[in-house]
Amino acid sequence: MLPSHQMTCPGNMEMSDDAVDDHEWDWREHFGQPITKDDPVWKKYVQVANDYDSRVIGSINNSMDILLVFAGLFSAVATTLIVQSDGGLRPDDDSSYLNHMLGRMVHDQLDAFLQVMNSSSRPPFPFIPPEDYS
């Protein structure tokens, strides 16, 4: 049997006084005994679990409401800024030069890759495993 100071609630959840009524069921009387399907511990378990679950779900619902309000405001502001700046957009003059340079780099990389692949069917550096590999 564990000392009383080591007997804590799972997950360190805080229990309110109305969630556990020690007059109906005392865990000390049943500690170490097998639990059956009709044992009164399940009634207490359901009460404590429902109380804890309702507090957790309430907290999650409040957090979700805040996140949804923030997402709505953010999308409204972002949409307004995009609509307002749409008229001032124009093509970049340097974009054609940049596209040409990027296309040239891709072409050179692909050409080098194809030369290596066509020169031989084996890799340029053979794999040699270390001798002390275990």
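The figures follow:
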| item | result |
| --- | --- |
| Criterion violated by residue 69 - all others in (1) open to solvent by 70 Å² or more (accessible area, probe 1.4 Å); (2) in a loop (DSSP other than H, G, I, E, B) satisfied | (2) |
| Exclusive hit being surrounded by 10 or more Cβ atoms within 10 Å (Cβ to Cβ) and either among the aliphatic types (A, V, I, L, M) or without any contact (Cβ under 8 Å) to a residue 60 or more places away in the chain (or both), set 104, 90 | 104 |
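The values are calculated or read from the model by the stated rules, or taken from the named source; none is laboratory data. As the structure is a computational prediction, the values presented were derived from the model and not from experiment. For neighbour counting, all protein chains shown are included, and Cβ atoms are generated from backbone atoms with ideal geometry for every residue, glycine included. Quick note on the areas: whole protein, heavy atoms, side chains included, nothing else; ligands and nucleic acids left out. Shrake-Rupley method; radii C 1.70, N 1.55, O 1.52, S 1.80 Å.
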